[in-house]
1. With the condition kept exactly as written, say whether any residue in the range 110-121 is surrounded by 13 or more Cβ atoms within 10 Å (Cβ to Cβ), over 30 Å from ARG20 (Cβ atoms) and in contact (Cβ under 8 Å) with a residue 24 or more places away in the chain.
2. Mind listing just one residue for me: the one in the range 132-147 that is of a type outside the set (Val, Ile, Thr) and assigned to a helix (DSSP H, G or I) and, of those, surrounded by the fewest Cβ atoms within 10 Å (Cβ to Cβ)?
3. Surrounded by 15 or more Cβ atoms within 10 Å (Cβ to Cβ) and over 25 Å from MET131 (Cα atoms), is that true of ASP40?
4. Which one of these does SER60 not meet: (1) in contact with a Leu (Cβ under 9 Å, 6 or more places away or on another chain); (2) closer than 30 Å to MET131 by Cα?
5. Among the numbered criteria (1) surrounded by fewer than 15 Cβ atoms within 10 Å (Cβ to Cβ); (2) touching a Ser or Thr at 6+ places or on another chain (Cβ under 7 Å), which one does ILE74 miss?
6. With ILE82, ILE78, ILE62, ILE19 as the choices, which residue is at pLDDT 85 or above, over 25 Å from ASP112 (Cα atoms) and more than 14 Å from the chain's Cα centre (by Cα)?
7. With respect to PHE69, determine if the residue is in contact with a Ser or Thr (Cβ under 8 Å, 6 or more places away or on another chain) and touching a residue at least 12 places away in the same chain (Cβ under 8 Å).
Amino acid sequence: MDDLSVPNDPLIQRLRTIIRFAVRVLAVIMTAVIIWGVVDVGWVLYRKLLTPPLFMLTISDILATFGAFMAVLIAIEIFVNICIYLREDVIHVRIVMATALMAIARKIIILDFTQITSDYVWAMAGVVFAMSIGYFLVLNTPFNPKRKLFDIRSKDSDRG
């Protein structure tokens, strides 16, 4: 018997309470990280704009700013994942994969192609391709909560 399916087990209930509390703490910490990230983006942009020549950004400044923006957006996506977990007590693969794709996109946006090897570029292309296929499959696979992925009973025992 699966102990997690027993709703009245006091140990499992206490452990679930502890885990839910830990997830709430993570949500508070992630909120602080998001606020610090926004303040950091604003501060860095402010400093760059006031450095001579005034109100001019180089391409590397713009790319660094994009990277910082994307980092904040990824933190927001992680916060959304945490909130959904608190609401539904389940991790949604679709949202997690979308967050991972955003993180990969951020990495590619901030890459300095003069400093990396072609092997690294091919590896990143492979990761993007694999994650894209995985995301496509997750989006286009119908979800059936009653379907069991693994059934340990043999097909013959279902007939008898």
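1. Quick first cut of the range 110-121, residues surrounded by 13 or more Cβ atoms within 10 Å (Cβ to Cβ) only: 110-111, 121.
Keeping just the survivors that are over 30 Å from ARG20 (Cβ atoms) gives 110-111, 121.
Cutting the leftovers down to in contact (Cβ under 8 Å) with a residue 24 or more places away in the chain gives us 110.
Yes, the range 110-121 contains at least one residue that is surrounded by 13 or more Cβ atoms within 10 Å (Cβ to Cβ), over 30 Å from ARG20 (Cβ atoms) and in contact (Cβ under 8 Å) with a residue 24 or more places away in the chain.
2. First pass over the range 132-147, keeping only residues of a type outside the set (Val, Ile, Thr): 132, 134-137, 139-140, 142-147.
With the extra rule that they be assigned to a helix (DSSP H, G or I), the set shrinks to 132, 134-137, 139-140.
Details: SER132: 13, GLY134: 14, TYR135: 16, PHE136: 11, LEU137: 10, LEU139: 10, ASN140: 7.
Applying the filter and picking the extreme gives ASN140.
3. Values: surrounded by 15 or more Cβ atoms within 10 Å (Cβ to Cβ): no; over 25 Å from MET131 (Cα atoms): yes.
Criteria not met by ASP40.
4. (1)
5. (1)
6. Values: ILE82 fails: more than 14 Å from the chain's Cα centre (by Cα); ILE78 fails: more than 14 Å from the chain's Cα centre (by Cα); ILE62 fails: over 25 Å from ASP112 (Cα atoms).
The conditions single out ILE19.
7. Details: in contact with a Ser or Thr (Cβ under 8 Å, 6 or more places away or on another chain): no; touching a residue at least 12 places away in the same chain (Cβ under 8 Å): yes.
No: the conditions fail for PHE69.
Conditions (1) farther than 24 Å from ALA32 by Cβ; (2) not in a helix (DSSP H, G or I), marked per residue:
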| position | (1), (2) |
| --- | --- |
| LYS48 | yes, no |
| LEU54 | yes, yes |
| ASN81 | no, no |
| ILE104 | yes, no |
| MET124 | yes, no |
| ALA130 | yes, no |
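The values are calculated or read from the model by the stated rules, or taken from the named source; none is laboratory data. Owing to the predicted nature of the structure, the values given are computational and were not obtained by experimental measurement. Backbone-built Cβ (ideal geometry, glycine too); neighbour counts: all protein chains shown.
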